[in-house]
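> Before I ask anything, let me first share the structure, which is written out below as structure tokens.
What follows is calculated from the coordinates using simple rules that are stated; it is not laboratory data. As the structure is a prediction and not an experimental result, all values here were calculated from the model. Because the Cβ atoms are built from the backbone with ideal geometry, glycine has one as well, and the counts that use them run over all protein chains shown.
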Amino acid sequence: MTLQELLVSIPEAARVERVPSVAQLAKEARPFVMDTLDADTSVTVYNNGFVLYQRGQWVTVFPLHDCKDYSYKNSNEQSHIPYSEFRDQPWQVRVLMEGYDRMDHNCDRRREGRAVSIDIDSNQKGWIELSDMGLGDALRMIIEQEEKAAEREILHRNLSLLTEKQQKVLFLCVVEGKTRMEVAAEMGITHQAVTDCLKKSLRRLRKLYGVDESGICNFCR
């Protein structure tokens, strides 16, 4: 399949401030065509117009229809190759070039201490929302969000194994930050009953999380 044939087959991706995450692509789109350059490098074009380029543990996502004219620096001079040079070539040629350059761009930004999605200019409104302010890269942000979602799911599952009373005491003490005396008054039980219930709840959660009694409880982070 040539690049022109691929561009005709796939609708142009919607212009968004933030490209879809890997998880979003897997959930909301279907792979249309893919190829592997070597053991570490692959490229997948999705039916929603986005491309996933993967090199080792790193990935970048970009719109397929950005793969037309190609500009690059050669001996500090800007060079330009028109789309006409690529249109009748195998689609992999231009798409892999785009993925490779964008990946290097991400790495350069990371070395500069400010990683940001390369699909938004650093001067545009929204850069702060996409940037992790030098703490990592865009992929790390996606991974951390997915990990947090997984942690919340585990937490809710473990909390559901507690009694209704234990859940309420935990909520009032931990989430709302009320004192045990205030919780006792609100629930109509003694201060000691609140203390005992809280201890049992935390002991149960430690066990569910695999933390023994001598370990540190990381339940509230």
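> Volume per residue, Å³, of the convex hull around the alpha-carbon atoms of region 11-111?
Details: hull volume 13.3 nm³, N = 101.
Measuring per residue, one finds 131 Å³ for the Cα hull of region 11-111.
> Calculate the FRET efficiency for LYS165 and ARG18 from the Cβ-Cβ distance with a Förster distance of 45 Å, rounded to the nearest 0.05. Don't skip to the answer; put the middle values down first.
On the way: r = 43 Å, r/R0 = 0.95.
The formula returns an efficiency of 0.60 here.
> Report the gain in length on full extension from ASP38 to SER9: 0.36 nm times residue separation, minus Cα-Cα distance, nm rounded to one decimal.
Result: 7.9 nm gained on full extension.
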